[in-house]
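The next block holds one structure in the form of structure tokens; read it before the comments.
The numbers here are math on the coordinates, done by the rules we state, and not lab data. In this text, all values refer to a predicted model and were calculated from it rather than measured experimentally. Don't worry about glycine lacking a Cβ; one is built from the backbone with ideal geometry, like all the others, and counts go over all protein chains shown.
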Amino acid sequence: MLGKLAGSLAHELNQPLTAILSNAQEVFKLVRSALVNQGVTAQTELAPDLPVLHGDRMQLQQALLNLVMNACDAMADVAPHDRQLTIRTNLAGNGSVHLSVADCGTGIAPEKLERVFKPF
């Protein structure tokens, strides 16, 4: 399954970053089989007319894909009919674009929060 996903990613990651952020359905297409296999219902709440972003397209796309896959993993202990994933975009007052990925998993234990951004 990962081989198939990697092949799909290689093809799909050539799409422009703006399209990924303004149309997060592209990400759902990439991980659709993972979402279906894990019983996750996904939805988007996307702000209209987001500005063009500047950054490393591949790294930003990979970060979004990682967040979606992590959200799926976080809901492993949630009943399948309750597994909800939401990707939201909005425009902040200072002109920056905010992207969030929300799930209904159990969350991170308080004692582990300080290690969240440390590798391994």
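Would you work out if segment 72-112 is rounded, prolate or oblate? Take a ≥ b ≥ c from the square roots of the eigenvalues of the alpha-carbon gyration tensor; rounded if a/c is under 1.5, else prolate when a/b is larger than b/c, oblate otherwise.
Values: a/c = 4.60, a/b = 1.82, b/c = 2.53.
Cα axes put segment 72-112 in the oblate bin.
Gap in Å between the Cα centre of segment 40-86 and the Cα centre of segment 95-120?
Centre-to-centre (Cα) distance: 12 Å.
What is the local net charge at Cys72, summed over the other residues whose Cβ is closer than 11 Å to its Cβ (Lys, Arg +1; Asp, Glu -1)?
Details: positive: Arg83; negative: Asp73, Asp103.
Net of charged neighbours comes to -1.
Along Cα→Cβ, 7 Å out, is where each label goes; now give me the distance between the ones at Leu46 and Leu60 in nm to one decimal.
1.4
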